[in-house]
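Each value in this text was obtained by applying a stated rule to the coordinates, not by laboratory testing. Please read these numbers as outputs of a predicted model, since none were measured by experiment. We place every Cβ from the backbone using ideal geometry, glycine too, and count neighbours over all the protein chains shown.
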Amino acid sequence: MNELLIWILAVAVAAGVVLLLWLGRRRQQRARDAADHREAQRLALEEAEHIARAQRLAAERDHAGAPDDLHLDAATQARRMAEDARLADVQTEREADDIARRVAEAEAARLARGEPEAHAAEVARLAREQAEREAAEAAEAAAAARRAEEAEAERAAAEARAREEAERLAREQAEREAAEAARRAAEEAAERAAAEARAREEAERLAREQAEHEAAEAARRAAEEAAERAAAEARVREEAERLAREQAEREAAEAARRAAEEAAAEARAREAAEAAAAAVATRELRVDETLILVADDSKIVRVKLSRLLAGKGYRVELAESGEQALEHLAAERPHVLITDVEMPGIDGFELTRQVRAGAATATLPVLMITSSDDKQDKAAAAGVTQLLGKPFSEEALLAAIERARVAVRVPA
């Protein structure tokens with residue numbers, strides 16, 4: 001708003017300066033016009049003097065002449081009338097002198113001829129003619145003066161009207177120029193305001209686009225950083241898992257090595273014991289001395305195997321879970337372990353692995369009963385002696401038990 005007021009004041013000052021310059025030029029023009037007018041008057045006076053000289057010459061040749069004033073202006077006519085009046089006065093004086101001279105000459109002649117009365121009458125006549133001429137010339141001069149004054153008054157009035165008209169036109173022109181300047185200033189101010197508004201809108205649009213671009217760039221960088229962090233975390237997790245696997249593998253290998261060493265030591269101990277026992281008398285384990293541990297969570301299977309084995313003369317212990325089977329193993333070592341695969345808590349594979357891990361039970365025959373055919377590899381890895389399917393053959397079971405019983409030697 002302040003900038004708009006400043007522009008309006010500047011435009012007003014400019015308009016005032018333009019008006020002052022125009023008035024100065026107008027005054028200069030009027031001065032030039034006045035100088036031209038004075039020069040025209042001077043030329044008119046010179047022309048009037050030239051005409052007067054011509055008139056005087058014409059009067060001297062007794063030929064009266066009048067100037068052609070049809071194309072002259074009122075001031076020139078007035079000056080010519082004044083000059084004519086002056087020339088008329090001069091002519092009148094000359095004629096009066098001439099009349100006086102002729103009267104004097106005539107009076108002298110009449111006096112010489114002795115005619116005093118005729119001389120007096122002629123003098124009176126000449127005096128009357130002179131008085132009439134002077135009155136006519138005075139009236140004509142007064143009329144010429146009045147006409148000159150009227151022409152001068154008309155010229156002054158015309159000049160005053162011309163000045164008023166010029167001043168009015170100048171005022172109107174100045175008002176129009178000021179209004180035009182104000183209009184142009186207002187239009188320029190409006191255009192500048194619109195341009196500034198457009199510039200502000202463009203700057204705001206660019207700022208919004210820049211902010212959106214920066215926000216998108218920041219979001220993209222944040223996403224990339226998050227992705228990089230996630231990838232780094234994933235790599236760290238993978239490396240940790242790899243190291244954990246390697247550590248577990250090393251520990252498993254170490255445990256297997258230690259188990260193998262222990263098994264080798266136990267084998268050597270058994271060989272030594274067997275060698276020592278071989279030095280004394282041994283005999284085959286009887287059926288009624290053979291202890292069989294059955295571990296199965298199914299009561300039906302436990303009862304069925306118990307009746308079958310007891311009917312063949314074997315001693316039988318029953319366990320409902322892997323944990324209970326381990327308790328029986330700790331209390332008394334059986335000669336054969338029959339276990340199911342799927343049991344709550346410790347299943348058949350884990351039970352077999354723990355049996356093989358113990359020094360006293362490492363060589364214990366383990367018979368596993370399962371309904372799936374795809375457990376062979378896992379059973380072999382766990383250390384199962386023989387894998388029997390469901391429904392199992394009683395003859396195969398009893399044959400496996402007999403092979404285990406015959407292999408056991410007891411003191412005689």
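Quick check on the exposure proxy: order ASP33, ASP98, ASP84, ASP374 from fewest to most C-beta atoms within 10 angstrom.
By the 10 Å Cβ count, ascending, the order reads ASP374, ASP98, ASP33, ASP84.
Can you return the lysines within cross-link range of LYS378? Criterion is Cα-Cα under 18 Å, with same-chain partners fewer than 8 residues away left out. Straight-line reach from LYS378, under 18 Å: LYS390.
Take the alpha carbon atoms of region 1-42, find their radius of gyration, then divide it by 2.2 N^0.38 Å using N residues; give the quotient. Walk me through the numbers on the way to the answer.
Numbers: Rg = 17.9 Å, N = 42, 2.2 N^0.38 = 9.1 Å.
After normalising by residue count via 2.2 N^0.38 Å, the value is 1.96.
Which distance in nm do the two modelled labels at ALA166 and ALA40 give, with both placed 7 Å along the Cα-to-Cβ direction? Once both label points are built, they end up 1.1 nm from each other.
With the simple spin-label model, which puts each label point 7 Å out from Cα in the Cβ direction, the LEU206 to GLU187 separation comes to 2.9 nm. Under a 5 Å amide H cut-off, with hydrogens placed 1.01 Å from N, VAL341 pairs with ILE369 among residues at least 5 apart or on other chains. Given +1 at the Cβ of Lys and Arg, -1 at the Cβ of Asp and Glu and no other charges, the dipole of region 190-262 around its Cα centre is 100 debye to the nearest 20.
Please find the FRET efficiency linking ARG229 to GLU350, where r is the Cβ-Cβ separation and R0 is fixed at 25 Å, and quote it to the nearest 0.05. Before the final figure, lay out each step's value.
Working: r = 40 Å, r/R0 = 1.61.
Given R0 = 25 Å and the Cβ-Cβ separation, E is 0.05.
What ranking do THR361, THR370 get, fewest neighbouring Cβ atoms within 10 angstrom at the top? Please list the in-between numbers first.
Values: THR361 17, THR370 21.
So the residues, fewest neighbours to most, are THR361, THR370.
Figure legend: label point modelled 7 angstrom from the Cα of GLU323 along Cα→Cβ; residues of region 346-379 with amide N under 13 Å from it are 346-347.
Highest mean first, what order results for 246-255, 386-395 on Cβ atoms within 10 Å? Mind showing how you got there, number by number?
Details: 246-255: 10.5, 386-395: 13.3.
Averaged packing, sorted descending, gives the order 386-395, 246-255.
Per the Debye formula on identical point scatterers at the alpha carbon atoms of region 282-411, with no solvent, log10 I(q)/I(0) at q = 0.10, 0.16 Å⁻¹ is -0.28, -0.74.
Whole number please: convex hull volume per residue of the Cα set in region 120-253, in Å³? If you can, show how the numbers build up before the last one.
Details: hull volume 9.1 nm³, N = 134.
Hull volume over Cα atoms, normalised by residue count, gives 68 Å³.
Residue ranges 336-345, 175-184, 193-202 sort as 336-345, 175-184, 193-202 when ordered by packing (mean number of other C-beta atoms within 10 Å per residue, highest first).
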